[in-house]
Structure formats: structure tokens, C-alpha cells
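Input: a single structure, listed below in C-alpha cells.
The values are calculated or read from the model by the stated rules, or taken from the named source; none is laboratory data. Because the structure is a prediction, the values reported are computed rather than measured. In this analysis, Cβ positions are derived from the backbone assuming ideal geometry, glycine residues included, and neighbour counts consider all displayed protein chains. Accessible surface areas use protein heavy atoms only, side chains included; no ligands, DNA or RNA. Shrake-Rupley method; radii C 1.70, N 1.55, O 1.52, S 1.80 Å.
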Amino acid sequence: NAAKRGSDRLVAEELANDEYISLVDGKSCLDATFVTLELMRNGNQSTALFQTPKPNSQTYCLIASALSRFGTSEPQPEQALQLFRDAMNEGGVNPDGRFLNAILRCFGDDVEAVLAAWKSDIGPAAATQQKKGKINLQQAYNGVLHVCGRALRPDVALRTAYAMNKAGVEPTEVTLNSYKSGKRVAMEKGIVDRLGLKNQYETLLSVECTKYN
């Protein structure tokens, strides 16, 4: 009987694997990621065979990271914001700093969109978590700095560093490097810098982020 139960279990696992493969076969890595997320969100009701766990904070962080890497080519502001809202509607998912950083990086070089999303959704959620002591808020802000670098907007990056100070978050060399990493992506893509006083803004940003060093 034990052997038969074991054999039945293996057969069921093979069928489940085949069913999963059929759902993601031929899809891009990113599309397959979102298919898997939907399976997890729908749970056992998605198919007759899947026994899927519910997504948690780590799940959404990994998906946001995948989307942000895909976004190296094109910004994904709408998809990123929807992913954030889905995570917030999912029970037990906390918007920690690492997750918010990954979400914000999905905005690519769209500074206006990232600032609007911070004001409407992401910033308030981060502030709530800060009051509970459940977030590394610097990580979240660093995501904004990365977008500023992608957009070659040290003026916005400097304003963000000032906002960090106002929120009681110390901009550090990691914050500065987040801007620089975004700038490197822009340089590799051959984006032309047309902002006046760029060097002055970047100097002030460097001072702001290293004054406590």
C-alpha cells in the first residue's frame, strides 16, 4: 500500500509538472513569471493538480526584480504600479525596502512617473511601514535615485536627498552609488545629457550623500 501511494504521488507530481510546463511553454521569461504569480494568487482553484503556496513579500520582490531587469530596455511604470497594488491587496505582504527598491527601478528613466507613484501609492505605504519600524526606508529612496540616474536628472536626485533628510533618513554613499548605477545605464544606452548645471548638481549631491562619512 505504501509503495502504491508513493507511486500515485509521483504520477500526480509528473502530471502537475507537465501541466505547469504547458502553461509557460513558449513564453518569455517575464511572461512566464507573471503566469506563475497568477497561479500562486489563484491557489488550488487555478487547476485540478496544482498545490501552490500563496505569494509573500519575497515572491513579489523577485517578480519586481525580474521586471526591473527587463525594464533596462524600456520603463514599465504601469505594470510596476499594478504589481505594487496587487501586492498590497494580497494578505500578509509588507512593502519592505528591498521590494520597494525593486518596484521603483521598474520605472526606468521615467522621473515624472516615479515621483507621481511615490506621492500617490508608494510613499504613503513606506511612511506607514516606517512608523511600525518594519522598513529600511533608505532602500526605497535609493530606488528613486536610480531612476534619477537613468534619466540623467541630478537635480531631482538632489531634491530627493533633501527629502530623505526631512524624513529622517540619512543619504549615504550607497544612495550616491544608486544614482551612479542608473547613470551608467543611461551612458551605455547613449542617452544625451541636456541638463544645464549638471556638474554642479552632481557635486552637491555627492556632498549631501557623503557629509557624514
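Can you pull out every residue in the stretch 181-191 that is more than 18 Å from Y141 (Cβ to Cβ), in a helix (DSSP H, G or I) and among the charged types (D, E, K, R)?
Passing the criteria: R184, E188.
Out of the residues in the stretch 80-103 that are open to solvent by 50 Å² or more (accessible area, probe 1.4 Å), part of a loop (DSSP other than H, G, I, E, B) and touching a residue at least 40 places away in the same chain (Cβ under 8 Å), state the one that is farthest from V174 (Cα to Cα). Please lay out each step first, then the result.
The first filter runs over the stretch 80-103 and keeps only residues open to solvent by 50 Å² or more (accessible area, probe 1.4 Å), leaving 82, 85, 88-89, 91-92, 94, 96, 98.
Then keep just the ones that are part of a loop (DSSP other than H, G, I, E, B); that gives 91-92, 94, 96.
If we keep only those that are touching a residue at least 40 places away in the same chain (Cβ under 8 Å) too, we end up with 94, 96.
On the way: N94: 23, D96: 17 Å.
Within the stretch 80-103, the match that is farthest from V174 (Cα to Cα) is N94.
Can you name every residue in the stretch 162-187 that is closer than 16 Å to K198 by Cα and not aromatic (F, W, Y)? Working first, answer last.
Keep residues of the stretch 162-187 that are closer than 16 Å to K198 by Cα, which gives 176, 179-180, 182-184, 186-187.
Matches in the stretch 162-187: L176, K180, G182, K183, R184, A186, M187.
Filtering the stretch 165-191 down to residues that are closer than 18 Å to E112 by Cα and aliphatic (A, V, I, L, M), which residue is surrounded by the fewest Cβ atoms within 10 Å (Cβ to Cβ)?
I191
For the stretch 91-106, check the following and say yes or no: at least one residue is polar (S, T, N, Q), within 14 Å of the chain's Cα centre (by Cα) and over 29 Å from D193 (Cα atoms). Don't jump to the end; show me each part of the working.
To start, the set of residues in the stretch 91-106 that are polar (S, T, N, Q) comprises 94, 101.
Restricting the remaining residues to those that are within 14 Å of the chain's Cα centre (by Cα) gives 94, 101.
Within this subset, residues satisfying the condition of being over 29 Å from D193 (Cα atoms) are 94.
Checking the stretch 91-106: at least one residue is polar (S, T, N, Q), within 14 Å of the chain's Cα centre (by Cα) and over 29 Å from D193 (Cα atoms).
Find the residue count for the stretch 193-208, including only residues that are open to solvent by less than 80 Å² (accessible area, probe 1.4 Å) and either touching a Phe, Trp or Tyr at 6+ places or on another chain (Cβ under 6 Å) or not aliphatic (A, V, I, L, M) (or both).
7
Kindly list, by first and then second residue, each pair from a residue in the stretch 151-180 that is over 13 Å from Q138 (Cα atoms) to a residue that is hydrophobic (A, V, I, L, M, F, W, C) and surrounded by fewer than 17 Cβ atoms within 10 Å (Cβ to Cβ), limited to pairs with Cβ atoms under 8 Å and residues at least 6 apart or on different chains.
L152/I191; L152/L195; R153/L195; P154/L195; D155/L195; D155/L197
Counting just the residues of the stretch 119-160 that are touching a helix residue (DSSP H, G or I) at 6+ places or on another chain (Cβ under 8 Å) and open to solvent by 50 Å² or more (accessible area, probe 1.4 Å), which one comes out nearest to G190 (Cα to Cα)?
Restricting to residues being touching a helix residue (DSSP H, G or I) at 6+ places or on another chain (Cβ under 8 Å) and open to solvent by 50 Å² or more (accessible area, probe 1.4 Å), the top hit is R153.
State all residues of the stretch 104-118 that are buried (at least 17 other Cβ atoms within 10 Å of the Cβ) and in a helix (DSSP H, G or I); if no residue qualifies, say none.
L104, R105, V111, A113, V114, L115, A117, W118
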